[in-house]
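Since the structure comes first, as structure tokens, the remarks are kept for the end.
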Amino acid sequence: MCHHYRLSILLLLFSLLLVNPLLYAGPKEDLVRYQGYFQKRFSNLSLDDLSNGLYNFDEGRREQWEAIMEFPPYEIAIEEGEELFNKPFGNGKRYADCFDNGGVAIAHTYPRFNAKTGKVQNISAVINECRVANGEKPLRYLKGEIVKLLTYMADTSRGKKIDIQVPDDPRALAAYEDGKRVYFTRRGVRDFACYHCHWEAAGQKIRGNVLSTAVGQVTHFPSYRSKWGAVGPIQRRYKGCMKNVGAVPLKAQSDAMNNLEYFHTHMSNGISMNAPGTRF
Amino acid sequence: MNKIIFCILFFFLLLVSTPGLSTPALSSSEANAVLKQAMSLHKQAIANEGGWRITGKFMKKAKKLLDKGDRRKALDVAIRAREFAELSIMQADMEKKSWSEPPYLK
């Protein structure tokens, strides 16, 4: 009797072990589910279409946008960014020395997991790491010179498909999962998580704005916003959405923000970059 | 005689009309203490990634009222700020434990 009991427990454990890998969903399975949700819901739109955000749903705004794009307001930032990018540091080295492929056509692969530090790094973090390593002062994040550099670098990835890797390293997976937590966490006095607006309410109006789909949101960042009167990186946009639900926004370049960017960018894997872009 | 009654009445009226004495005394330290608690809770909420902006707004308002000497109102507003801070911590704790994807994504 006792023997039977033990045997059945062993069998149970064994079957759990067998089933578990099937139950466990990693980034790859997430991608199929997340992109599948929007493809099913908006079957008239391709994955690349999703990168046009709210303009998929608002004819009037789309026309304004197309008019603006005849003389894109981010052109100057690309030019200035290229100049800054190619200007050597005091020690003669350049930004190009700190990136794969000299920093050209790599923006669609960021943020990346850094195996040395065990943390996620976006391009801004690498830019500042590069500056410090070469005896320069780090730039402030979110505004100014760093955004111009991002703008130029993103432009060299235009048309490339977003390709965020979560390498086979428990720390990388943990960072991705932490980003998922940040994404699905309700915050602020309004008690909203990102998904309340950008999944179930995507395509609908909220206080005069039509909501974009979560998948496809990252492809045009950094982006010029008329509200900012400048190009800004995605973490600046995240902060805006957090403020809108009454939350004290998370700190730019904090682990939580970087992990959020990692998770949020990954869900657009396979969609073409069209950064820099413009939004109102 | 009339003069004495008048004097007593006069002083009584003076007493009643002095705001600090007519109502039970409220020192600024009460509102200050609540404000300090609110500030420390708000800090804790932010460290838990769960701060609310309205907490900060109410703390600022309470401080302004204190500077103006309106201790009673300052205390009320500081108490509200402390409540917001407590609620924001509760939200952050709950979310850390029980956040989930919406059912339609499963």
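The values are calculated or read from the model by the stated rules, or taken from the named source; none is laboratory data. Remember, predicted model here, so these are calculated numbers, not experimental data. For neighbour counting, all protein chains shown are included, and Cβ atoms are generated from backbone atoms with ideal geometry for every residue, glycine included. Quick note on the areas: whole protein, heavy atoms, side chains included, nothing else; ligands and nucleic acids left out. Shrake-Rupley method; radii C 1.70, N 1.55, O 1.52, S 1.80 Å.
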Whole-Hz couplings from phi, Karplus 6.51/-1.76/1.60, listed for segment A:189-194; x for Gly and Pro: 5, 7, 6, 10, 9, 3
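Average partner chain C-beta neighbours within 10 Å, per residue of A:212-223? All intermediate terms of the calculation are to be shown ahead of the outcome.
Numbers: counts 0, 0, 0, 0, 0, 0, 0, 0, 0, 0, 0, 0.
Mean number of neighbouring Cβ atoms from other chains: 0.
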Entries in A:87/A:137; A:239/B:36; B:43/B:68; A:180/A:251 that, when Cα-Cα distance is taken, lie over 20 Å: A:239/B:36; B:43/B:68
Between helix A:75-86 and chain A: long-axis angle, C-alpha atoms, 0 to 90°, nearest 10: 80 degrees
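Of A:156, A:213, which has the most accessible area and how do the rest follow, probe 1.4 Å?
On the way: A:156 35, A:213 0 Å².
So, going from the largest accessible area down, we get A:156, A:213.
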Helix-only [θ]222 nm of chain A, DSSP H runs n ≥ 4, -39500 (n - 2.57) each, per residue, nearest 500: -14000 deg cm²/dmol
Length released on extending from residue A:163 to residue A:256, taking residue separation times 0.36 nm less the Cα-Cα span: 31.4 nm
Mean separation of Cα contacts under 8 Å, 6 or more apart, over the residue count of segment B:26-96: relative contact order %: 44 percent
Accessible-area value, residue A:239, 1.4 Å probe, nucleic acids and ligands omitted, Å²: 60 Å²
Residues in segment B:71-103 occluded by at least 50 Å² - accessible area, probe radius 1.4 Å, against chain by itself: B:91, B:95, B:99, B:101
In nm, spacing of pseudo-spin labels at residue A:33 and residue A:137 (7 Å Cα→C-beta vector): 4.7 nm
On Cα atoms only, tilt of A:123-133 relative to the major axis of chain A in degrees: 70 degrees
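Could you calculate the FRET efficiency of residue B:97 with residue A:244 from 1/(1 + (r/R0)^6), where r is the beta carbon distance between them and R0 is 22 Å, rounded to 0.05? Intermediate values should be presented prior to the final figure.
On the way: r = 25 Å, r/R0 = 1.14.
Once rounded, the FRET efficiency stands at 0.30.
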Long-range amide H partners of residue A:114 with built H, under 5 Å: A:119, A:120, A:121
Other-chain or far-sequence residues with amide H under 5 Å of residue A:187's (modelled H): A:192, A:193
³J(HN,Hα) computed for each position of segment B:31-47 - Karplus, 6.51 cos²θ - 1.76 cosθ + 1.60, integer Hz, glycine/proline x: 4, 4, 5, 5, 4, 4, 4, 4, 4, 6, 5, 4, 4, 4, 4, 5, 4
Angle between chain A longest axis and helix A:170-184 axis [Cα atoms, degrees, rounded to 10]: 80 degrees
Under-5 Å amide H pairs with residue A:275, H placed in peptide plane, nonlocal only: A:159
Note, ³J(HN,Hα) from phi for segment A:149-163, Karplus 6.51, -1.76, 1.60, rounded to Hz, x at Gly and Pro: 4, 4, 5, 4, 5, 5, 4, 6, 9, 3, x, 7, 7, 3, 9
